[in-house]
1. Identify all residues within the stretch 1-29 that are farther than 16 Å from residue 98 by Cα, part of a helix (DSSP H, G or I) and at pLDDT below 85; write none if there are none.
2. Just the residues that are over 24 Å from residue 121 (Cα atoms) and modelled with pLDDT under 95, please, taken from the stretch 51-71.
3. Among the residues of the stretch 64-104, which ones are free of Cβ contacts under 8 Å to residues at least 24 places away in the same chain and either part of a loop (DSSP other than H, G, I, E, B) or exposed (fewer than 15 other Cβ atoms within 10 Å of the Cβ) (or both)?
4. I'd like the full set of residues that are surrounded by fewer than 11 Cβ atoms within 10 Å (Cβ to Cβ) and more than 24 Å from residue 86 (Cβ to Cβ), limited to the stretch 44-56.
5. Among the numbered conditions (1) touching a residue at least 40 places away in the same chain (Cβ under 8 Å); (2) in contact with a helix residue (DSSP H, G or I) (Cβ under 9 Å, 6 or more places away or on another chain), tell me where residue 56 comes up short.
């Protein structure tokens, strides 16, 4: 196995959660991580670590926000923080699902996304109709 791919897969808790649900996805992750460079992976991790500074700005978001995560997603905690801080946000937790909830529960993920978009569309139509009056 390529050393970069091996390191990235072993160090990423998101991958571990996905592999626990679907061990057959290992080849897919290997193919993805094999294309990474050490500098690119390090910079991606640096960007994630630097995102803590935006937490205080989340309350300023004034558009509907959908957060979809898995019950086994290491990012579920941060998603709950975002949900608490973003007014009008919706949090959907799929189970069993990892960080890759769209792969673990594709039908449920699509349903949640489509329902959210329909809700946003209905709200936009209502606001347009109210402005015409």
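1. In the first step, residues of the stretch 1-29 are kept if they are farther than 16 Å from residue 98 by Cα; the result is 1-8, 27.
Now restrict to residues that are part of a helix (DSSP H, G or I): 3-8, 27.
Within the stretch 1-29, 3, 4, 5, 6, 7, 8 qualify.
2. Our first condition is that a residue be over 24 Å from residue 121 (Cα atoms); within the stretch 51-71, this holds for 51-57, 70-71.
Across the stretch 51-71, the qualifying residues are 51, 52, 53, 54, 55, 56, 57.
3. Initially, the stretch 64-104 is screened for residues free of Cβ contacts under 8 Å to residues at least 24 places away in the same chain, giving 76-80, 83-84.
Residues satisfying the conditions are 77, 80, 84.
4. Hit for the stretch 44-56 is 46, nothing else.
5. Result: residue 56 fails condition (1) only.
The values are calculated or read from the model by the stated rules, or taken from the named source; none is laboratory data. Note that the structure is predicted; figures quoted are calculated from it, not measured. Every residue, glycine among them, receives a Cβ derived from its backbone with ideal geometry; neighbour counts consider all protein chains shown.
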